[in-house]
Amino acid sequence: MFNNSNGINVGQTDRAYTNTGYKNWKAATIKFKAHQISKVHLNCVTSLSNFLHSKPIDVLLDEERENTRSQREKQRLINRQVIQRLIDVTLFLGIGGKPFRGHSEKKNDIYKGLILGIVDLLKKYDPILKKHFETGPKNSIYCSNYIQNDLIASIIIVIKRQLKVTLVNEKVSIMADETSDVGHHEQLSVVIIYFDKFKNRPIEQFVCMKRMMTVDATSIFNALNDVVEEYEIKWENVISTCFDGTATMSGSITGVQTKFMEKNPKSFFVHCYGHCLNLILVDSIGKDNK
């Protein structure tokens, strides 16, 4: 069977051991010993051993496939650890209200922003980050401005999802205020107030800031209505609203608080105490009180 394997025994084999059969039994002892140590026989024995211990091609393919899958899984877990560290840095900067990016983010720039600066600091002490930045593919560093924005957007999605679950069947109050920013764009800040049973205290959760093209009562109400629908809050659970005292917000006929009462007649309006205090302070130091 292995006589002509790879052509190494061609022309060197006694056909008595492979084809015709052995007949010269008088010289069998001498012939068998000579054949046993012959190169042809040894090659055949080696080929037989390799054949018996070889693996079928499908087994080899399965092993290669499993090895590839194992390497990918290992790399995936490492990537998750890297992303987790970048998420923690993003949360740290976001909670502190710090800017992420610098004027320039080139490798050798000194002032390249907080997020890259913190990452550079961490990788000095974190072997996972250090290995990732030194040996990882340069197109998968995960620190570009696009990835930073993706991380922020992903964190927002998770926070909104958790808040949506928290607010199921909870009584809430909607607090909002509209003002113009330094660019003279009208911005509407929205806060949802609810009672946290685990912390045993009310929570004021800032949920969004919407740019307003117009600041009439209908436009502001529609923006707040979008927030209520986004978090799947039932209108019967919106028990109060808290705005400033302007006619647009607190007007009893066409104000935003009136439109809330049309959705839930049991809801009531609270004039923002912070706004009341501001009015008192402004009035107390006015020119008429000098």
What's the number of the only condition in (1) farther than 24 Å from Gln148 by Cα; (2) in contact with a Gly (Cβ under 7 Å, 6 or more places away or on another chain) that Phe100 fails to meet? (1)
Regarding Asn108, is this residue of a type in the set (S, T, N, Q), in a helix (DSSP H, G or I) and modelled with pLDDT under 75? no
Is it the case that Thr13 is at pLDDT below 75 and over 21 Å from the mean Cα position of the chain (by Cα)? yes
With the requirement that a residue be at pLDDT below 75 and either surrounded by fewer than 10 Cβ atoms within 10 Å (Cβ to Cβ) or among the β-branched types (Val, Ile, Thr) (or both), what does the stretch 31-53 give you? Leu52, His53
Any chance the stretch 101-119 includes a residue that's closer than 24 Å to Arg76 by Cβ and surrounded by 11 or more Cβ atoms within 10 Å (Cβ to Cβ)? yes
For Gln148, are the conditions met, namely being in contact (Cβ under 8 Å) with a residue 12 or more places away in the chain, closer than 30 Å to Lys74 by Cβ and not hydrophobic (A, V, I, L, M, F, W, C)? yes
Six or more apart or on different chains, Cβ under 9 Å: which pairs go from a residue in the stretch 62-88 that's more than 15 Å from Val119 (Cα to Cα) to one that's aliphatic (A, V, I, L, M)? Could you list them? Ile78/Ile128
Give the residues of the stretch 269-289 that are aromatic (Phe, Trp, Tyr) and either surrounded by 13 or more Cβ atoms within 10 Å (Cβ to Cβ) or in contact with a Leu (Cβ under 7 Å, 6 or more places away or on another chain) (or both), sorted by residue number. Phe269
Considering every residue within the stretch 166-180, establish whether at least one is farther than 22 Å from Val270 by Cβ and small (Gly, Ala, Ser). yes
Out of all the residues in the stretch 125-144, which are of a type in the set (Val, Ile, Thr) and under 18 Å from Lys112 (Cα atoms)? Ile141
If we keep just the residues of the stretch 176-213 that are touching a residue at least 24 places away in the same chain (Cβ under 8 Å) and in a loop (DSSP other than H, G, I, E, B), which is surrounded by the most Cβ atoms within 10 Å (Cβ to Cβ)? His185
Quickly run through the stretch 120-145 and pick out the residues that are over 14 Å from Val89 (Cβ atoms), assigned to a helix (DSSP H, G or I) and either out of contact with any Phe, Trp or Tyr (no Cβ under 9 Å at 6 or more places or on another chain) or without any contact (Cβ under 8 Å) to a residue 12 or more places away in the chain (or both). Pro127, Lys130, Lys131, Glu134, Thr135, Lys138, Asn139, Ser140
Any residue in the stretch 92-100 that is of a type outside the set (Ser, Thr, Tyr), modelled with pLDDT under 80 and closer than 30 Å to Ala153 by Cβ? no
Among helices (runs of 4 or more DSSP H) entirely inside the stretch 227-290, those with 1 or more residues being at pLDDT 90 or above and closer than 14 Å to Ile192 by Cβ are 256-263
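The values are calculated or read from the model by the stated rules, or taken from the named source; none is laboratory data. The structure displayed is predicted, hence computed values, not measured ones. Glycine gets a Cβ as well: all are built from the backbone with ideal geometry, and neighbour counts include every protein chain shown.
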